[in-house]
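Student: My questions all concern the structure below.
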Amino acid sequence: MRLTKQRAAMIAAGIAVVVVGVSAGLGWWQVALTMVAAVQVAGVVLLVDIRGRMARSHEVRKVSASVRKTHRRLDNVGTRMLAAAEKNRVETADGLASIGQALDERRVAEASLQKELSDVAASVDAHRARVDAWGAQLGDWHGELEAVRTSLAETGQRVSAALDEAEQDRRMQDKRQAAELARHVRQTEALIQLYDRVQPRAAMPSSGGWALDPTGVLTLLEVVRQRRPELVLELGSGTSTLWVGYVLQQLGAGRVVAIDHEERFAELTRANVAAHGLDDVIDVRVAALTDPGLPTHETPWYDHAAMADLRDIDLLVVDGPPKATGPMARYPAVPVLAGQLRDDAVVALDDATRPDEREVWHRWRRENDGLDVWAVPPGDALKVLALNRSAGDEPA
């Protein structure tokens, strides 16, 4: 049993009554009075305590009511909190389910992405391999392009050089054409002058080709008019033979001996001579090509026997043998006939612009001190030399 304050006070009061009664019975009045005072004090204290408790009990009831009210509120709050918590739990569960589903979807997406990344990585590797292959091929192409570039540069240089050369050729061609045009003009002018000076009795053979061209014939006729030769020896007969024959016939003196190495050419010249009525001034002879008898010259030349009877030749016209005969074909003319030329004879060399004839021209001048260029208007290809030797210089 629980010992409360009231019970304790009652027990204490009973004990005090007993003590007072005993003390009174024993005559212990002081003790009894003391105990009565103590009981009174305890009663007062107890009353005070009871009042306090009663007051506290009323406060407690108020507090209890407040607590109950608060409890109800708390219950309501708790209920609401539980409902909210349940709702939150449901929502949280739903959210977690959604999150789980999203995570599952993410895992699926990640797996799909991983596969795609793997595929992309494989594709990248394949592309890298192809790029490497292309790089190698590009390297090869680069080398080929460099080779092509080098080739193009070389080709460009060759083309540039070719263009430069073509330009030079064009300029040279222009010069040649201009020179050829000027030559044609000169030839035409010379031909006009020839027909102005001589009126042929029959059609004249064409000039040029193997025959002397018009400027050469005009120069030759000028020499004939100035020197009035008594004997003209022409090595290689043709058109020039007829022109010289006409001028000698006009001058009334002199004759021409024309030499050819083939009978057919000689017969053609004889026919032209007869047609133009020049038989009295022109003698056409045939001299086969043979050894000239010169120690330093092997190309065959005219047989000297065909002209051995000729003396004091005033004009020697060298227009043969043909170039095809051999190197320096016309060189023997002066060395072989030197003893038959007058001291003041004139030597005319046709085709003097060709390399062989230029060398012949220079050798004649080197080997014959008295043989100098004669100041007569030269033809395009005919060069004229005049012999001026004293009696002491005359060859044996």
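Student: Between the stretch 127-161 and the stretch 351-388, how many Å separate their Cα centres?
Tutor: 63 Å
Student: ASP169: net charge of surrounding residues, Cβ under 12 Å, Lys/Arg +1, Asp/Glu -1, itself excluded?
Tutor: Combined, the nearby Lys, Arg, Asp and Glu give 0.
Student: Full extension from ARG285 to HIS362: what is 0.36 nm times the residue separation minus their Cα-Cα distance, to one decimal in nm? Working shown, then result.
Tutor: Working: separation 77, 0.36 × 77 = 27.72 nm, distance 2.89 nm.
Extending this stretch completely gives an extra 24.8 nm.
Student: What nm distance separates the two modelled labels at SER206 and ALA83, each placed 7 Å from Cα along Cα→Cβ?
Tutor: Each label point is offset 7 Å from its Cα along the Cβ direction, giving 13.8 nm.
Student: If neighbour count is taken as other Cβ atoms inside 10 Å, put MET307, MET172, MET35 in order from fewest to most.
Tutor: Fewest-to-most Cβ neighbours within 10 Å comes out as MET172, MET307, MET35.
Student: Under the definition of Cα pairs under 8 Å and six or more residues apart, what whole-number percent is the relative contact order of the stretch 206-393?
Tutor: Values: 343 pairs, mean separation 38.0, N = 188.
Reported relative contact order: 20 percent.
Student: Per-residue counts of other Cβ atoms within 10 Å, averaged by peptide: what ranking do you get for 256-265, 110-119, 241-250, 281-290, highest first?
Tutor: Those peptides, ordered most packed to least, come out 241-250, 256-265, 281-290, 110-119.
Student: 7 Å from Cα along Cα→Cβ at both LEU26 and LEU113: what's the point-to-point distance in nm?
Tutor: 10.2 nm
Student: Quick check: from the Cα gyration tensor, does the stretch 206-393 come out rounded (a/c under 1.5), prolate or oblate?
Tutor: rounded
Student: If we sort 363-376, 333-346 on the protection proxy, mean other Cβ atoms within 10 Å, highest first, what's the order?
Tutor: 333-346, 363-376
Throughout, read-outs are computed from the coordinates displayed, never taken from laboratory work. On a predicted model such as this, the values are computed, not experimentally measured, just so you know. Cβ: placed from backbone, ideal geometry, glycine included. Neighbour counts: every protein chain shown.
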